[in-house]
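One structure is given below, encoded as structure tokens.
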Amino acid sequence: REIMATLVGADPRSDVAVIQLAETDNLVPAKLGNSDEMEVGDWVLAMGSPFGLEMTVTAGIISAKGRGPGINDREDYLQTDAAINPGNSGGPLINIKGEVIGINTAISSRSGGYDGIGFTIPINMANFSVNQIVDHGSVKRAFLGVGIQPLDRQLRDALEVEATHGVAIINIQPESPAEKSGLKTGDLILEFNGQKVDSPRKLQGIVEVLQPEKAYPMTVLRSGKKETIDVTLGEMPDDYSLSSFNRNEPEAEESPQETTQEELAGLGIEVQDLNAEFAEQLGLNVKEGVVITSVDEEGPAASAGLSPGIVIAQVGSQKVNTVEELKKALEDKSLDNGIALLVKSRSGNRYVVIKN
């Protein structure tokens, strides 16, 4: 049976669209489940038309949650080993109750066919986009305006914090809700609106479904102390991209100017103060910090992935604008425990942990 349909609206960020059928006689709507309740190991069925073979059903389990293979702008996929092939996209993933808990969207494969790894848009995520399109004609998301990094064990130890979860702020977009609320790079976000934050995707998922222009409480860890900050979220611009604002826009690439350098033998690097002229020569849109001019290939900094031209902006949560400030900030740090440096490069900001 073929039914004509018209496009109501689409959300490219999540790869979800809404269509309206021209006729609905003798059609039974599928029952939707709660994708948040699915656990790793739960049995599922995938339906679709792989390679044009209509009404094909395959079985498997939920292999993982919260996957982001880099296919779309908004990803928090369920991973399944139920066979998904070209032609399955848009088909439902169903739980053992017969409820739709996801929309099959992609596979990870070297052959182009089924290799045991498929990805599904959680139905709760899809429902948010659908409701927004039906109610507003487009998807309105809230945004905070921060670049964040997972708080893994190595970074947690280097920052000397006891938090068991959270994300570290590595960048703040100018004029964003985050900047207006007083958030700082180096702050650790532990909770948002009463929900625990344990990954960047979790924070993104919490924030985006909230109401723009409304204030919400956020719990942060700053300099070892918990603080609660009220943040008034903004409406995400259509051209908003976290990766684009986190980049330190490269200019023309030239050789660094000759200036006095100082060696930090323990880290295996040579550094110097950063000024506007030097930053321009390096092609960095960075105004403050200490620039690395040389790296010992056998030193701990090289092992951590540091290279000449990278700017050290903070030691932990402490800003450093000169070599002297950097040396002072490093005085009570130990390579045995790890030293957390917030660094800036053309590709963006990130925390790097240097250890022996």
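Every read-out reported here was derived from the displayed coordinates using simple, explicitly stated rules and does not represent laboratory data. Please read all numbers here as calculations on a predicted model, not as lab measurements. As a convention, Cβ positions derive from the backbone with ideal geometry for all residues, glycine included, and neighbour counts pool all protein chains shown.
Observations, loosely collected:
- Calculated FRET value between GLU325 and LYS196, using beta carbons and R₀ = 41 Å, to 0.05: 0.75
- Sorted largest first, extent of the stretch 83-193 alpha carbons per principal axis (Å): 47, 39, 29
- Taking all Cα pairs closer than 8 Å and separated by 6 or more residues, the relative contact order of the stretch 5-136 comes to 25 percent.
- In whole angstrom, the stretch 5-136 maps to an equivalent ellipsoid with semi-axes of 22, 17, 16, each derived as √(5λ) from the alpha carbon gyration tensor and ordered largest first.
- In a DSSP loop and with at most 15 other Cβ atoms within 10 Å, the trypsin sites (Lys or Arg not before Pro) in the stretch 1-41 are ARG1, LYS31.
- Highest to lowest packing among 140-152, 312-324, scored as the average C-beta count within 10 Å: 140-152, 312-324
- In the chain the Cα-Cα distances spread across 10 Å bins starting at 0 as 5, 21, 25, 22, 16, 8, 2, 0, 0 percent of all pairs.
- Residue of THR56, THR24, THR105 that the Gaussian network model of the chain assigns the largest fluctuation, springs spanning Cα pairs under 10 Å: THR24
- Normalised contact order of the chain, rounded percent, pairs of Cα under 8 Å and 6 or more residues apart: 11
- GluC sites (Glu not before Pro) restricted to DSSP loop in the stretch 167-223 with at most 12 other C-beta within 10 Å: GLU175, GLU213
- Solvent-free Debye calculation, one equal scatterer per alpha-carbon of the stretch 142-246: log10 I(q)/I(0) at 0.14 Å⁻¹ equals -0.48.
- Candidates per GluC sites (Glu not before Pro) in the stretch 12-91, loop by DSSP, up to 11 other Cβ within 10 Å: GLU23, GLU39, GLU54
- For the stretch 11-42, backbone nitrogen atoms closer than 18 Å to the point 7 Å from ILE61 Cα along Cα-to-C-beta are found at 37-42.
- The stretch 143-239 - percent relative contact order, Cα under 8 Å, separation 6 or more: 28
- Measuring r between the beta carbons of VAL28 and GLU54 and using R0 = 22 Å, the FRET efficiency lands at 0.75.
- Net lengthening on full extension, ASP332/GLU288 (0.36 nm per residue, minus Cα-Cα): 13.6 nm
- Positive minus negative residues near ALA329 (Lys, Arg vs Asp, Glu; Cβ under 15 Å): -4
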